[in-house]
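Engineer: Got a structure here, written out as structure tokens. Questions coming.
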Amino acid sequence: MKWIYRLSTVALASVLFFSVSAGAQTAPTTQAAEPSSADVAAPKLDKTGKIDSRFQQRHESFLRRGKEGKIGVLFLGDSITEGWGGTRGREIWAEYYGKLDPANFGISGDKTQHVLWRIDNGELDGISPKVVVLMIGTNNIGYSAEDILAADTKIVQEIHQKLPDTKLLLLGIFPRGADPNDPKVADMREKIKSVNQGLAKLDDGDKTRYLDIADKFLDADGKLSKDIMPDALHPNAKGYLIWAKAMQPLLDEMMK
């Protein structure tokens, strides 16, 4: 009897083990991690693998903005673009772009993958701005220059596919890192320079115009002043004014 009882116990344990294992294999999983390639469309995910709530909220607000009325100039990008709507850039935005029926589709932390996903999910549908101002890629700094350039090129292509009558003002990625004598900063600057050199080749003199205003932010030694970008990445009010003034002549030309 003891032998039979022990055998039954082992059999029951085996059944439970295989049942749990099968259950683990068939249980629902969270969304996959973001793709390793910068040119593959993907939403921004939170730590649980679900779409980030703020990203989703901003995306939905852009869809609503597209239905609310005319957009004359559309800014598309990451936190540097989103900052036009904050305390640092709001007054300058109103002064320079208020009469142009502007829209700001910037989301903090966005990478090229996220912008591609946003385009694929309707943000450019049903609108016809005269000009789109695009700057994206600084949050992809951990990728190769070739990967970032390929992703930016794909974004440019998709904008023209979605908005065939719209002109694109493509901005070079802004410099980052305070002191170029720091090896890590030097590496980032070199990568950004390489990407921007590739972006410059997309300028066709008509539908896509390229503008690099990096020199407007740097001093004679290539350093990035705290008076312009306190964290060596995001412009303050002075930085946004520099941006607006440097971009205005070309934007005026493109808005005609």
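The values are calculated or read from the model by the stated rules, or taken from the named source; none is laboratory data. Note that the structure is predicted; figures quoted are calculated from it, not measured. No Cβ is skipped: glycine too gets one built from the backbone with ideal geometry, and neighbour counts run over all protein chains shown.
Engineer: Give the residues of region 137-156 that are within 13 Å of the chain's Cα centre (by Cα) and either modelled with pLDDT under 95 or in a loop (DSSP other than H, G, I, E, B) (or both), sorted by residue number.
Structural biologist: G137, I141
Engineer: Another question about this same structure. Please enumerate the residues belonging to region 93-106 that are assigned to a helix (DSSP H, G or I) and crowded, with 20+ Cβ neighbours inside 10 Å.
Structural biologist: Listed by number, the residues that qualify are Y96, Y97.
Engineer: Further question on the same structure: In region 195-205, is there at least one residue being closer than 23 Å to Q248 by Cα, of a type outside the set (V, I, T), without any contact (Cβ under 8 Å) to a residue 24 or more places away in the chain and in a helix (DSSP H, G or I)?
Structural biologist: Yes, there is a match, as at least one residue in region 195-205 is closer than 23 Å to Q248 by Cα, of a type outside the set (V, I, T), without any contact (Cβ under 8 Å) to a residue 24 or more places away in the chain and in a helix (DSSP H, G or I).
Engineer: Only one of these conditions is not met by A151: (1) buried (at least 20 other Cβ atoms within 10 Å of the Cβ); (2) under 30 Å from K256 (Cβ atoms). Which number is it?
Structural biologist: Looking at each condition in turn, A151 falls short on (2).
Engineer: Could you check region 53-86 and list, in sequence order, the residues that are part of a helix (DSSP H, G or I), closer than 15 Å to E123 by Cβ and of a type in the set (D, E, K, R)?
Structural biologist: Correct list: R58, E60, R64, R65, K67, E68, E82.
Engineer: May I pose another question? Pairs under 7 Å by beta carbon, first residue over 18 Å from V132 (Cβ atoms) in region 85-102, partner part of a loop (DSSP other than H, G, I, E, B), six or more apart or different chains?
Structural biologist: Sorted first by the residue in region 85-102, then by its partner, the pairs are R88/P235; R88/N236.
Engineer: Moving on. Is there a residue in region 157-175 that is crowded, with 19+ Cβ neighbours inside 10 Å, among the hydrophobic types (A, V, I, L, M, F, W, C) and part of a helix (DSSP H, G or I)?
Structural biologist: Taking every residue of region 157-175 in turn, at least one turns out to be crowded, with 19+ Cβ neighbours inside 10 Å, among the hydrophobic types (A, V, I, L, M, F, W, C) and part of a helix (DSSP H, G or I).
Engineer: Continuing with this model, one more query. Please enumerate the residues belonging to region 147-184 that are in contact with a strand residue (DSSP E or B) (Cβ under 9 Å, 6 or more places away or on another chain) and of a type in the set (V, I, T).
Structural biologist: I155, V156, I159, T166, I173
Engineer: Under 22 Å from S37 (Cα atoms) and either at pLDDT below 95 or not hydroxyl-bearing (S, T, Y) (or both), is that true of G86?
Structural biologist: Criteria not met by G86.
Engineer: What is the residue count in region 117-136 for residues that are assigned to a helix (DSSP H, G or I) and surrounded by 23 or more Cβ atoms within 10 Å (Cβ to Cβ)?
Structural biologist: Qualifying residue count for the region: 1.
Engineer: Here's something else I'd like to know. In region 218-236, is there at least one residue being part of a helix (DSSP H, G or I) and out of contact with any Leu (no Cβ under 8 Å at 6 or more places or on another chain)?
Structural biologist: no
Engineer: Please state which one of L250, L202, L218 is out of contact with any helix residue (DSSP H, G or I) (no Cβ under 9 Å at 6 or more places or on another chain), surrounded by fewer than 19 Cβ atoms within 10 Å (Cβ to Cβ) and under 27 Å from G126 (Cα atoms).
Structural biologist: None of the others qualify; the one that does is L250.
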